[in-house]
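Written out below as structure tokens is the structure these notes cover.
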Amino acid sequence: MTETVISFKHFGFQYYSQAEPTLHDINLEIHKGEKILIAGPSGSGKSTLGHCMNGLIPFAYRGTMTGTLTVNGLETKSASLFELSQKIGTVLQDSDGQFIGLSVAEDIAFALENDCVPQDEMKVRVKKMAELVDIATHLGNNPHELSGGQKQRVSLAGVMVDDVDILLFDEPLANLDPKTGEVAIELIDEICKLEKTVIIIEHRLEDVLHCPIDRLVLLSDGRIIADDTPDNVLAMNTLVPHGIREPLYVSACRFAGVPITSEIRPASLETLDLSACHDKLQAWYQANAKKESETKKQPLLEASDICFSYDGVRQVLDHVDMTVYEGEMMALVGKNGAGKSTLAKVITGFLKPDAGTVTMNGEDLSRYTISERAEFVGIVLQNPNQMISKAMIYDEIALGLRIRKVPEDEVQKRVEKVMEICGLRPFKSWPISALSYGQKKRVTIASILVLNPKILILDEPTAGQDYRHYSEIMKFLETLNENGQTIILITHDMHLMLEYTERAVVLCDSVKLADQKAYEVLCDNDLSSRANLKETSLFTLAKKAAIEDPLGFVECFIRCEREMR
Amino acid sequence: MKTKLFSYNQLDTFIHRLSGLTKLLCFILLTSAVMLTYDIRVNIVIMILSMILMRISRIRFSQIKIMLIYVMIFLVTNFILTYLFAPMYGTQIYGTRHDLFVIAGNYVVTKEQLFYQITKFSKYLSVIPLGMIFIFTTNPSEFASSLNAVGVSYRVCTSLSLTLRYFPDVTRDYTTISLAQQARGLEMTSKAKFADRAKSVAGILVPLILTTIDRIDLISNAMDLRGFGKNRKRTWYARRPFKGSDNACIAICILILLVTLYIRFFINGGYFYNPFVQ
């Protein structure tokens, strides 16, 4: 039996600001050198659990604790945040927001600075740590200039430099594109091999399972529902009912009627026993395969030959063409810096292109001001807090109309209609501060929809959302789309692309790389890796199961999934 | 085109290598020298010195272009207004009157007035480049560490350097929010009435404050988790030890200040240098 480093015994926690406890009767032991995934939907208490371990609870967030929690034999109630921070290092989500230093070296050194380590020793230790995580060539850079994967390395080094034995990753994948996420998971795996105990809090299960983990702890409503090997937990079939999405290839096997047991090793496609599911997958595909008929759509918006550069030196958009068809829901994908947001800003008129035109139904949009253009194309920013300026929901949605001097009785009519569509009616007289993140998102969507734009652009509509909220938002957008609203989604989320959009435009290094069916992009390894996406596991499964048309298999899965929704 | 205002540029020149504290002290000393006298000779010497320093620190013209434009607008306005409000102030100070030409009515241009105003102009021109050098060549963290070294609390120093570090982020947020609100119809251009514009600004500030609070919350957690505030002291990675060159620079600046004070009290015999009375 290995040494226990963290032990929860009948542990419970309640925030002072909340009426109900967030955690109930948690019993959990984490052993030295283990790699553990704590999964659970938003509001399940998984972040709270993490905060209890690293000491932010009770030091930064107040509340009452019951039961006991010990970290390396130290009772957290009687320890200080600093004592704990030397045992557990925490890598928070959103590495951008947590850089303290102006240079990579300085940021890594922060914990040492606070520890009063002399400068000479500090320089040696920083250098050693930077070499360990392979960032030593960037020590002088500003952390913000780095790529997503490099940023992760810097935050990791900044935490590990303190010689911690336990590392806690709080939603490490939340803001990363699939490819960078994969690199981050591999990096965590390497760290784990250095005899560190690793705890990952995350709801993107399939991405975490890219590297093997020892145990999967499933949390729901503040209680532990499952605590076992990933194979066993997947076999229990408790993930989906608790708002966690299972890996797509597992879903496909379930569709095909393959019983998911721990014997077929479902935790990874590499270990999955294909001989058990091969026949059933084949049979299911034969029974369900059919070609969808294509419907021709009318082009609504055409951006042609767009060039744009911020500094006159580097082209961000280099002769890009894009057509948006009436009534479609399409995805605009590509890695960070590929020009997606810039293209969206050109379409909405926030930026003037250096060359090229944007036309809607043949009419050139360049003669309209930003605010006039909002009646053609509306954009919803990723962070709802960046858009909300009123205290009350009704006023927030009415804002755009009131500024346009629309008569108040018409304002009321239109706002109420939009509230109905967005499912906000029950909250009509609520203050915005009382809403959840997903509901706020709806308010921002509503505040744009009320202006009746022909096209709605959403920047990462589901970023950081768990499966339940993700499905909620997407179902809502789907309903809008079915009612004829044309929608463009800027996204990294492969599931979203695969399941909800018909078409994807891929931008890479300022040029358009592809314009084809979303699932085709995700089945083309070369194309998806250039866009920092990954080949979907469905496609890999189909190839492994020797299905003669793997692309057809993916299409077939998506259709069945849609029908089940 | 985005120019980074007020941002430290990382280069390795003699000026960059000096400690931030040295640069601050020298800035204060030289500014005092200019402010404590009203002598165009002192101004010109310091102006030449600051141009040379600017050259050494390799500040590119494009970096300071926007700032320079604003400064020039301010200086020219100042120049004109000074004349409009007190066209005879020069003759009062210097006690003589040499008319050059008449503009209209009482507005006569005198040698004294011209000399007085040019001296004032050169005063600004000698000090402003020094300020720019300080801003562009000082690493905020290193500056924070030198402030800490002279006894300012490290919490204050750290928040100072964090503020500088977050300035670009907040600017970016501001642009995004402002554009999004304009799309909803907020009028930000001069077309709108003042009251409407004030309202529009509120429409941008609320989301900006909210997102900034989110940022602060995140960073303070990140800092707590990495042991910020653990001890009464902290060390600094970016700290530059005070070197011979630092001492030399400060000594030179003190010398310059002393010389100007000598000129003021023993040569000019007062605040103003008066070439009109021999």
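The values are calculated or read from the model by the stated rules, or taken from the named source; none is laboratory data. Every value quoted in this text rests on a predicted model; they were computed, and no experiment measured them. With ideal geometry, Cβ positions are generated from the backbone for all residues, glycine too; neighbour counts draw on all protein chains shown.
Residue count for the range B:222-254 under the criterion of being within 7 Å of another protein chain (Cβ to nearest Cβ) and touching a Ser or Thr at 6+ places or on another chain (Cβ under 9 Å): the result is 14.
For the range B:179-208, the candidate set comprises residues that are more than 10 Å from every other protein chain (Cβ to nearest Cβ) and not in a loop (DSSP other than H, G, I, E, B); within that set, the residue that is modelled with the highest pLDDT is B:Val201. Within the range B:120-145, restricting attention to residues that are among the small types (Gly, Ala, Ser) and touching a Lys or Arg at 6+ places or on another chain (Cβ under 9 Å), the residue that is farthest from A:Gly140 (Cα to Cα) is B:Ser145. The single condition among (1) charged (D, E, K, R); (2) surrounded by 20 or more Cβ atoms within 10 Å (Cβ to Cβ); (3) not assigned by TED's automatic domain parsing to the domain that holds B:Lys123 that B:Arg264 does not satisfy is (3).
Between a residue in the range B:261-278 that is under 15 Å from B:Tyr94 (Cα atoms) and any residue that is loosely packed, with under 15 Cβ neighbours inside 10 Å, which pairs come within a Cβ distance under 6 Å, given they are 6 or more apart or on different chains? Close Cβ pairs satisfying both conditions: B:Phe276/B:Thr96. Residues that are out of contact with any Pro (no Cβ under 7 Å at 6 or more places or on another chain), under 15 Å from B:Gly20 (Cβ atoms) and not in a helix (DSSP H, G or I) are absent from the range B:125-136 altogether.
Annotation: A:Asn27 fulfils all but one of (1) of a type outside the set (Ser, Thr, Tyr); (2) in contact (Cβ under 8 Å) with a residue 60 or more places away in the chain; (3) outside any strand (DSSP E or B); the unmet one is (3). Scanning the range A:95-119 for residues that are surrounded by 18 or more Cβ atoms within 10 Å (Cβ to Cβ), within 31 Å of the chain's Cα centre (by Cα) and more than 7 Å from chain B (Cβ to nearest Cβ) returns A:Ser95, A:Phe99, A:Ser103, A:Val104, A:Asp107, A:Ile108. Here A:Lys127, A:Lys123 are screened, and the one residue that is at the interface with another protein chain (Cβ under 8 Å from one of its Cβ atoms), among the basic types (Lys, Arg) and surrounded by fewer than 17 Cβ atoms within 10 Å (Cβ to Cβ) is A:Lys123.
The strands (runs of 3 or more DSSP E) located wholly in the range A:408-519 include none with 2 or more residues which are farther than 21 Å from A:Glu302 by Cα, in contact with a strand residue (DSSP E or B) (Cβ under 6 Å, 6 or more places away or on another chain) and of a type outside the set (S, T, N, Q). Checked against the criterion of being touching a Gly at 6+ places or on another chain (Cβ under 7 Å) and surrounded by fewer than 18 Cβ atoms within 10 Å (Cβ to Cβ), the range A:523-541 has no qualifying residue.
For every residue, the table says whether it meets (1) out of contact with any Phe, Trp or Tyr (no Cβ under 8 Å at 6 or more places or on another chain); (2) outside the structural domain of B:Phe272 (by TED's automatic domain parsing); (3) among the small types (Gly, Ala, Ser).
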{"position": "B:Leu25", "(1), (2), (3)": "yes, no, no"}
{"position": "B:Met35", "(1), (2), (3)": "yes, no, no"}
{"position": "B:Asn43", "(1), (2), (3)": "yes, no, no"}
{"position": "B:Met47", "(1), (2), (3)": "yes, no, no"}
{"position": "B:Ser50", "(1), (2), (3)": "yes, no, yes"}
{"position": "B:Met54", "(1), (2), (3)": "yes, no, no"}
{"position": "B:Ser57", "(1), (2), (3)": "no, no, yes"}
{"position": "B:Gln63", "(1), (2), (3)": "no, no, no"}
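The set of residues in the range A:130-184 that are more than 13 Å from every other protein chain (Cβ to nearest Cβ), surrounded by fewer than 23 Cβ atoms within 10 Å (Cβ to Cβ), within 25 Å of the chain's Cα centre (by Cα) and assigned to a helix (DSSP H, G or I) comprises A:Gly148, A:Gly149, A:Gln150, A:Lys179, A:Thr180, A:Glu182, A:Val183. Restricting to the range A:79-93, count the residues that are more than 7 Å from every other protein chain (Cβ to nearest Cβ) and not in a strand (DSSP E or B). Total satisfying the criteria: 7.
Residue-by-condition table, conditions (1) in contact (Cβ under 8 Å) with a residue 40 or more places away in the chain; (2) out of contact with any strand residue (DSSP E or B) (no Cβ under 9 Å at 6 or more places or on another chain):
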| position | (1), (2) |
| --- | --- |
| B:Tyr107 | no, yes |
| B:Ile118 | yes, yes |
| B:Ile177 | no, yes |
| B:Arg184 | no, no |
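Can you work out which of the residues in the range A:324-376 that are closer than 25 Å to A:Leu527 by Cα and without any contact (Cβ under 8 Å) to a residue 60 or more places away in the chain is farthest from the other protein chains (Cβ to nearest Cβ)? Filtering first and then ranking leaves A:Gly337. The set of residues in the range A:52-75 being under 14 Å from A:Gln18 (Cβ atoms) and either in contact with an Asp or Glu (Cβ under 9 Å, 6 or more places away or on another chain) or among the hydrophobic types (A, V, I, L, M, F, W, C) (or both) consists of A:Ile57, A:Met65. Evaluate the range B:157-174: report whether one residue or more is modelled with pLDDT of 85 or more, more than 26 Å from the chain's Cα centre (by Cα) and assigned to a helix (DSSP H, G or I). Looking through the range B:157-174, none of the residues is modelled with pLDDT of 85 or more, more than 26 Å from the chain's Cα centre (by Cα) and assigned to a helix (DSSP H, G or I). Inspect all residues belonging to the range A:36-54 and state whether any of them is among the aliphatic types (A, V, I, L, M), out of contact with any Lys or Arg (no Cβ under 8 Å at 6 or more places or on another chain) and part of a strand (DSSP E or B). No, the range A:36-54 has no match at all.
Being part of a loop (DSSP other than H, G, I, E, B), touching a Cys at 6+ places or on another chain (Cβ under 9 Å) and in contact (Cβ under 8 Å) with a residue 40 or more places away in the chain is a property that A:Asn532 has.
Taking (1) under 25 Å from A:Val521 (Cβ atoms); (2) modelled with pLDDT under 85; (3) out of contact with any Leu (no Cβ under 9 Å at 6 or more places or on another chain) in turn, A:His495 satisfies each apart from (3). Within the range A:477-498, being within 18 Å of the chain's Cα centre (by Cα) and not hydroxyl-bearing (Ser, Thr, Tyr) holds for A:Leu477, A:Ile488, A:Leu489, A:Ile490, A:His492, A:Asp493, A:Met494, A:His495, A:Leu496, A:Met497, A:Leu498. For first residues located in the range A:422-451 and on the phi > 0 side of the Ramachandran plot and in contact (Cβ under 8 Å) with a residue 24 or more places away in the chain, partners that are part of a helix (DSSP H, G or I) and hydrophobic (A, V, I, L, M, F, W, C) and lie 6+ apart or on another chain with Cβ distances below 8 Å form the pairs A:Gly423/A:Phe476. Being in a helix (DSSP H, G or I) and of a type in the set (S, T, N, Q), is that true of even one residue in the range B:93-112? No - not one qualifying residue is present in the range B:93-112.
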